[in-house]
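What follows is a set of notes on a single structure, which appears directly below.
No lab work stands behind these numbers, since they all come straight from the coordinates. What you see is a predicted model; the values in this text were computed from it and never measured. Methodologically, a virtual Cβ is constructed for each residue, glycine included, from the backbone with ideal geometry; neighbour enumeration extends over all protein chains shown.
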Amino acid sequence: MGKNKLAIFGLSVLVFFTALAIFAPVIAPYDPTEIVAEDTMGPSTQHWFGTDDYGRDIFSRAVYGARISLTVGLVAVSISISIGVLLGALAGYFGGWTDSLIMRFVDVMLSFPSIFLILTIQAMLTPNIYNVMVVIGITSWMGVARLVRGEYLKIRELSYVEAARAIGCSNKRIIFRHILPNAQAPIIVAATLGMAGAILTESALSFLGMGVQPPMPSWGNMLMDAQAYMRDAPWMAVIPGLLILITVLSLYFIGEGLREKSDVRS
Amino acid sequence: MLEVKNLSTYFKQGDSTVKAVDNVSFSVAKGEILGLVGESGSGKSTIAHSILKLIPASASVSGEIIFENRNLLQLAEPELIKIRGSKISMIFQDPFTSLNPVLTIGEQIAEVLRFHQGMNRQQARDRAIELLETVRIRNSGLRVRDYPHQFSGGMQQRVMIAIALACEPEFLIADEPTTALDVTIQAEILRLIVELKEKFNLGIMYITHNFGIVKNICQRVVVLNKGRVVEEGETGQIFSNPQQAYTQRLIECLRVLTHPPTPSLSKRGGGVLSADGGELL
Ligand SMILES: Nc1ncnc2c1ncn2[C@@H]1O[C@H](COP(=O)(O)OP(=O)(O)OP(=O)(O)O)[C@@H](O)[C@H]1O
Ligand SMILES: [Mg+2]
């Protein structure tokens, strides 16, 4: 009940932010990289969220930042879901040495604290938005792989999988057409929660200067810019901080709502 | 048309091996229904799975399964895929769990037509509707869009039969297809199977532990116990004169199940069994 309402709230927020991101050029009153004021200024009717240390409009930067943050989250989670589903499905469906090999690889990947793994890989690459998405994607699929493996282990024993084999379906067809749709509920939940994680990681990376590079705005690097002005211009930190918080919470609410719904059904 | 020769299927379980099927031989002719009978765990399903090589790779399968002059046990997977569901089909005990819950009835019938007969989406759909009519599902044009849970158990088994017969196979394996159904529905499904056998001149291997069904539809019976054939012959002969105590016991079970002993029926006689037979068909 309560979770359901939160999930709907989360979904509305996300739809709203997505609309902001898509229509950013129409919505943002200023160019996000253009200097439009003399100095840092607090919120006013002209600059709703104030201006930053360079005199750029924070509202416009936040709107364009939504574009970057949501895109990074979406692409990164697509990468991690693709890898996780593929490896988890192979491990769970075939079992035996395929399973052992893949699951040992998962264990190895999990044995590195992920932020170090990400920072190490990221340090070797030029920090730009594309690398951020790929690096987050390839370091966050392990949970999905474990989850999907479990689903496949369970489903491959069911009668309809046997029936599919008896009508001449190939393994590939069974894996993708017969089992995958039956495992989709937990995968969607994992994707929602994973997107929240990816957005946080992007912010952390950008905050450390290893993510999205200025002057391109992301919520994470807006926070980084704000560090030096916490006392004089707190709005510089509050705005992107709140946006990250609200987005991540919304995704969690959606994920939890979906999880509850699929638990009730099964 | 299908000949099983010295089939043995062993499963490894830890250090021991389970001889699920042990040197079994029999054959099924065109237009014939062969009953495969035995208690639970006697290896009936394992024989069915061995015929289509739906056995885990860790198990050892030896012997020969001759179908259209080829030994199925020696075929590679790509060849087997062409035979499964097209020349040899199978129906299962529980139709509800044998249908994929997320695909529509139409999609599931169409699937087998599309990859065995290369039909396009539209052709396969039209044929699926025809097939639903063949297995007597009313409003088939609308019902192709339904999901399995919208069908009753009997209708689900009809759908399974439609899928099995979609590519006009020559051989059908039925693994206790009526066990999960109500008695009245059982009779309908049995009638349908017999009717379709006549229509398509199918050879059928019918697995059951119910001698009543055997008596009704099978021309010949193979009785299995612990993976071995203990008795084989014409249905009438086995019934009137079972050679093995095990077979007698299975027949006795049926008598007790369908007619619990009452003082007036305490004597064993053919009348009890034929009364049961009369009810079904
Ligand atoms: N995949 C498997 N791994 C190990 N043992 C198996 C496997 N499949 C079947 N067995 C064993 O083989 C024996 C025969 O099983 P099978 O399922 O063929 O019996 P059945 O005659 O079909 O019984 P039921 O009437 O209960 O369906 C049983 O002892 C069973 O435990
Ligand atoms: Mg069985």
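Observations
- Exposure rule at most 10 other beta-carbon atoms within 10 Å, DSSP loop GluC sites (Glu not before Pro): chain A longest free segment: A:39-156
- Mean Cα-pair separation over length for the stretch A:126-190, i.e. relative contact order, pairs under 8 Å, 6 or more apart, %: 38
- Computed from the C-beta positions of A:Ser114 and B:Lys12 and an R0 of 45 Å, the FRET efficiency is 0.65 to the nearest 0.05.
- The modelled label-to-label distance between A:Asp263 and B:Asp146, using points 7 Å beyond Cα along the C-beta direction, is 3.3 nm.
- Sorting B:Val37, A:Val13, A:Val108 by the number of Cβ atoms found within 10 Å of their own Cβ, with the fewest placed first, yields A:Val108, A:Val13, B:Val37.
- Candidates B:Ser98, B:Ser86, B:Ser45: whichever shows maximal mean-square fluctuation once chain B is modelled as a Gaussian network with Cα springs under 10 Å: B:Ser98
- Amide H contacts of B:Ile91 (H built 1.01 Å from N, in plane; Pro and chain starts excluded): B:Ile173, B:Ala174, B:Asp175 sit under 5 Å, all sequence-distant by 5 or more or on other chains.
- Distance between the modelled labels on B:Asn139 and A:Lys172, one decimal in nanometres: 3.9 nm (7 Å Cα→Cβ projection).
- Anisotropy class of chain B from Cα gyration tensor, a/c 1.5 cut: oblate
- FRET efficiency estimate (nearest 0.05) - Cβ-Cβ, A:Asn128 to B:Ala29, R0 45 angstrom: 0.05
- Percent RCO, i.e. relative contact order, over the stretch A:125-266, from Cα pairs under 8 Å lying at least 6 residues apart: 25
- Here the Karplus relation 6.51 cos²θ - 1.76 cosθ + 1.60, evaluated at θ = phi - 60°, turns the backbone of the stretch A:123-137 into coupling constants of 5, 7, 10, 6, x, 9, 4, 5, 5, 4, 4, 5, 5, 5, x Hz, with x for every Gly and Pro.
- Cross-link pairs beyond the 27 Å C-alpha cut-off, checked among B:Lys5/B:Lys82; B:Lys82/B:Lys199; B:Lys197/B:Lys226: B:Lys197/B:Lys226
- Relative contact order, percent, chain B [alpha-carbon distance under 8 Å, six or more residues apart]: 24
- Residues in the stretch B:1-20 reached by a label modelled at B:Glu77 [backbone nitrogen below 20 Å; 7 Å Cα→Cβ]: B:12
- Cβ-derived FRET efficiency at R0 22 Å, B:Thr179 paired with B:Arg249, nearest 0.05: 0.70
- Likely footprinting exposure, B:Thr179, A:Thr126, fewest C-beta neighbours within 10 Å first: A:Thr126, B:Thr179
- For the protein assembly as shown, the square roots a ≥ b ≥ c of the C-alpha gyration tensor eigenvalues yield an a/c of 1.5 or more together with a/b exceeding b/c, which makes the shape prolate.
- Using 0.36 nm per residue and subtracting the Cα-Cα separation, the extra length available between A:Ser100 and A:Ser82 on full extension is 4.5 nm.
- From least to most packed, judged by other beta carbons within 10 angstrom and beginning with the fewest, A:Phe9, A:Phe207 follow the order A:Phe9, A:Phe207.
- The stretch B:23-29 - phi-based ³J(HN,Hα) in whole Hz, Karplus 6.51/-1.76/1.60, Gly and Pro as x: 6, 9, 9, 6, 9, 10, 8
- ³J(HN,Hα) computed for each position of the stretch B:31-44 - Karplus, 6.51 cos²θ - 1.76 cosθ + 1.60, integer Hz, glycine/proline x: x, 10, 10, 9, x, 10, 10, x, 5, 4, x, 7, x, 5
- Pairs of lysine residues in chain A - Cα separation under 22 Å, sequence separation of 8 or more or cross-chain: 4
- Distance between modelled label sites at A:Ile138 and A:Asp232, nm, 7 Å Cα→Cβ extension: 4.2
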